[in-house]
Amino acid sequence: MRLSTRIALAVGCTVPLLVLASGWLLLHLVARDVRGAGDQHLRQRAAAVAPDARSLLRASANDRPRAADTRERRLFDAALDVGVRVVGPDATFSGGPQPGPAVRLPAPGSAAFGPVTVHDGARAWRALARPVRGRAVTGTLWVFVPDTAGRTQLTLVRRRVFLTALLAAPLSGLLAWAMATGASAPLRRLTRRAAGLDPRTSSARLDGAPTGVTEVDELAATLRTVLARYDEQAARTAEALDTARSFSSAAAHELRTPLMSMGTNLDILAAHPDLPEPDRGEVLDDLRSEHARLLGLLVMLRELGRGDLVEAETFGRVDLSELADAAVAEVRRRARDADITLDAAPGLTVHGWEPGLRLLLDNLLGNALAHGRDTRGRARVRVGVHGAADRVLVTVDDGGPGIPPAARQRIFERFQRGPDSTGSGLGLTLVAQQAALHRGTVTVTGGPDGTGARFEVRLPPERGGPPGRRDWLIGTAGANRSQGFPKESP
């Protein structure tokens, strides 16, 4: 059932009930007013004819027939439209419309304070009794009026109330239906526009033009929000699928060489069971090295894909000083021969993804330990976390051979390894990914004392909008060069 029909039925049933209830109240009020007006008229007539009734009783008691007749005519003339009955000790005088003499009237004492209703067959009368007292005379004055005028008016009001209720049902229903149909027109238009939307085949969405109806505008805003969430989820799903495809492609490409090398070494061991011990040891060392490289590559690819799919809801306030302290402590435990120092200002916080920031620090420290050793093989790493203008600056300095200016941009690309590197080529790519994800930058320069390399990560301390670029596993090396980092001077 349509909304306009429901409203029409509800109003068409409610309005007649309200009319009947109002009519019932009106009938009671009219009845009270009509009866009150009639009773007031009786009191006025009783007060007007009381002197004549007293004179009539006095003349009758003094046995003056001619005077009694005169007083009786005067009494009936003063009564006008009401019936009068004067009851004395020896005689009763009556005239005008009144109930028959056989109708039993209330005792004068019980009727002395107000009109009462008496019945003469099917006809009702309003009667009012007043005591008449004079010198040596007593009696009772009764005045009567038919109780039909008020009943006629009440019957007329009752008929009009029922007629109004009968007419109000269809008329109010039709009026309510017309008003509801007009009021729901924006809702029908919204329904037609929403029915024509298909997110699978079209990017068209609801416009934001207000209709002037608050409920319809709120519903349209809700639909737009739902569709926006659908679009966002569809985009994230597409990103996830692209990431999965790129992950499998990159993994297949990068795993081919170590797997082929491991296969060759296994073939050698299988074909030459009597291989001399030095040669066998060399083959086994190669297998262990390739296995570690495969394991590291898979871990790095997983972390790269994890960073591409991170949601904005996982970002929060992170104490970067405490995070750097934890990362340095972990590296000191693993590399006891390294000289690692930390200079961090306390309480430096950023809005970020804590696992990603920890991954950034771990890979910078791992890179410094792997490639930042001096000619004697010693590792001296200096880590700093400081506030700089509107940025938080993280620096990692090593004492190694440094990085040539021509290679400083290229080292952040995927699978870029030095000639003697045994890593996956993704460690610094993860650093660049996390810096971009947090709307920051990462650069590499020469060391502060002229030797080694310095990696600088600049992060905004406050929330800067949604996560930054998240296509590091999908994008090509060229895209990484053009989108990932700021340009720097050699």
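The values are calculated or read from the model by the stated rules, or taken from the named source; none is laboratory data. Keep in mind it's a predicted model, so treat the numbers as computed, not measured. For neighbour counting, all protein chains shown are included, and Cβ atoms are generated from backbone atoms with ideal geometry for every residue, glycine included.
I'm trying to understand the selection: among the residues of the range 373-402, which are over 56 Å from the mean Cα position of the chain (by Cα) and part of a loop (DSSP other than H, G, I, E, B)?
Residues of the range 373-402 that are over 56 Å from the mean Cα position of the chain (by Cα), as a first pass: 373-380, 399-402.
Asp374, Thr375, Arg376, Gly377, Arg378, Gly399, Gly400, Pro401, Gly402 - these are the residues of the range 373-402 that are over 56 Å from the mean Cα position of the chain (by Cα) and part of a loop (DSSP other than H, G, I, E, B).
What are the pairs with Cβ atoms under 9 angstrom where one residue, in the range 1-26, is under 14 Å from Ala165 (Cα atoms) and in contact (Cβ under 8 Å) with a residue 12 or more places away in the chain and the other, located anywhere, is basic (Lys, Arg) and surrounded by 12 or more Cβ atoms within 10 Å (Cβ to Cβ)? Sequence gap at least six, or different chains.
Short answer, once both residue conditions are applied: Gly23/Arg158; Gly23/Arg160.
If you go through the range 161-192 one residue at a time, how many are in contact (Cβ under 8 Å) with a residue 12 or more places away in the chain and among the charged types (D, E, K, R)?
So the count comes out to 1.
Is it the case, given these coordinates, that Arg288 is at pLDDT 80 or above, more than 30 Å from His351 (Cα to Cα) and among the charged types (D, E, K, R)? Talk me through it step by step, then tell me what you get.
Details: at pLDDT 80 or above: yes; more than 30 Å from His351 (Cα to Cα): yes; among the charged types (D, E, K, R): yes.
Yes; evaluated as a whole, the condition is true for this residue.
From the residues in the range 403-416 that are within 22 Å of Arg458 (Cβ to Cβ) and outside any loop (DSSP other than H, G, I, E, B), which one is modelled with the highest pLDDT?
Pro405
Could you grab me the full set of residues in the range 427-455 that are among the polar types (S, T, N, Q) and surrounded by fewer than 23 Cβ atoms within 10 Å (Cβ to Cβ)? Before the answer, list the steps.
Kept after step one, since they are among the polar types (S, T, N, Q), are these residues of the range 427-455: 429, 433-434, 441, 443, 445, 451.
Within the range 427-455, Thr441, Thr443, Thr445, Thr451 meet the criteria.
Would you mind finding the one in Arg463, Arg470 that is in contact with an Asp or Glu (Cβ under 6 Å, 6 or more places away or on another chain), at pLDDT below 85 and surrounded by fewer than 22 Cβ atoms within 10 Å (Cβ to Cβ)?
Numbers: Arg463 fails: in contact with an Asp or Glu (Cβ under 6 Å, 6 or more places away or on another chain).
Going through Arg463, Arg470 in turn, just one is in contact with an Asp or Glu (Cβ under 6 Å, 6 or more places away or on another chain), at pLDDT below 85 and surrounded by fewer than 22 Cβ atoms within 10 Å (Cβ to Cβ): Arg470.
If I ask for residues that are surrounded by fewer than 14 Cβ atoms within 10 Å (Cβ to Cβ) and modelled with pLDDT of 75 or more, which ones from the range 172-190 would you list?
Leu174, Ala178
Restricting to the range 75-102, count the residues that are in a loop (DSSP other than H, G, I, E, B) and out of contact with any Phe, Trp or Tyr (no Cβ under 8 Å at 6 or more places or on another chain).
Step one: list which residues in the range 75-102 are in a loop (DSSP other than H, G, I, E, B), which gives 80-82, 88-91, 96-102.
This time we only want the ones that are out of contact with any Phe, Trp or Tyr (no Cβ under 8 Å at 6 or more places or on another chain), so: 80-81, 88-91, 100-102.
Looking only at that region, the number is 9.
For the range 306-324, name all the residues that are assigned to a helix (DSSP H, G or I), surrounded by 12 or more Cβ atoms within 10 Å (Cβ to Cβ), out of contact with any Leu (no Cβ under 6 Å at 6 or more places or on another chain) and of a type in the set (Asp, Glu).
Selection gives Glu322 alone.
Can you find a residue in the range 360-372 that is outside any helix (DSSP H, G or I) and either in the same structural domain as Arg336 (by TED's automatic domain parsing) or touching a Phe, Trp or Tyr at 6+ places or on another chain (Cβ under 6 Å) (or both)? Break it down into steps so the answer makes sense when it comes.
Here is the first cut: in the range 360-372, the ones outside any helix (DSSP H, G or I) are 372.
In the following step, the residues that additionally are either in the same structural domain as Arg336 (by TED's automatic domain parsing) or touching a Phe, Trp or Tyr at 6+ places or on another chain (Cβ under 6 Å) (or both) were identified as 372.
Within the range 360-372, one or more residues are outside any helix (DSSP H, G or I) and either in the same structural domain as Arg336 (by TED's automatic domain parsing) or touching a Phe, Trp or Tyr at 6+ places or on another chain (Cβ under 6 Å) (or both).
Search the range 439-458 for residues that are at positive phi and in the same structural domain as Leu369 (by TED's automatic domain parsing) and pair each with any residue that is in a strand (DSSP E or B) and among the small types (Gly, Ala, Ser) when their beta-carbon atoms are under 9 Å apart and the residues are at least 6 apart or on different chains.
The qualifying pairs are Gly452/Gly446.
When the residues of the range 1-60 are narrowed to those that are β-branched (Val, Ile, Thr), out of contact with any strand residue (DSSP E or B) (no Cβ under 8 Å at 6 or more places or on another chain) and surrounded by 15 or more Cβ atoms within 10 Å (Cβ to Cβ), which ends up farthest from Ala91 (Cα to Cα)? It would help to see each step written out before you state the result.
To start, the set of residues in the range 1-60 that are β-branched (Val, Ile, Thr) comprises 5, 7, 11, 14-15, 19, 30, 34, 49.
Add one more test, that the residue is out of contact with any strand residue (DSSP E or B) (no Cβ under 8 Å at 6 or more places or on another chain), and what stays is 5, 7, 11, 14-15, 19, 30, 34.
Restricting the remaining residues to those that are surrounded by 15 or more Cβ atoms within 10 Å (Cβ to Cβ) gives 7, 11, 14-15, 19, 30, 34.
Numbers: Ile7: 72, Val11: 66, Thr14: 62, Val15: 60, Val19: 54, Val30: 40, Val34: 34 Å.
Going through the qualifying residues, I end up with Ile7.
Which of the residues spanning the range 124-160 are surrounded by 18 or more Cβ atoms within 10 Å (Cβ to Cβ) and part of a helix (DSSP H, G or I)? Can you show your working first?
Of all residues in the range 124-160, those surrounded by 18 or more Cβ atoms within 10 Å (Cβ to Cβ) come to 125-130, 132, 137, 139-147, 150.
Selection gives Gly150 alone.
Gly83 is checked against (1) over 17 Å from Gln44 (Cα atoms); (2) at pLDDT 80 or above; (3) of a type in the set (Gly, Ala, Ser) and fails just one. What number does that condition carry?
(1)
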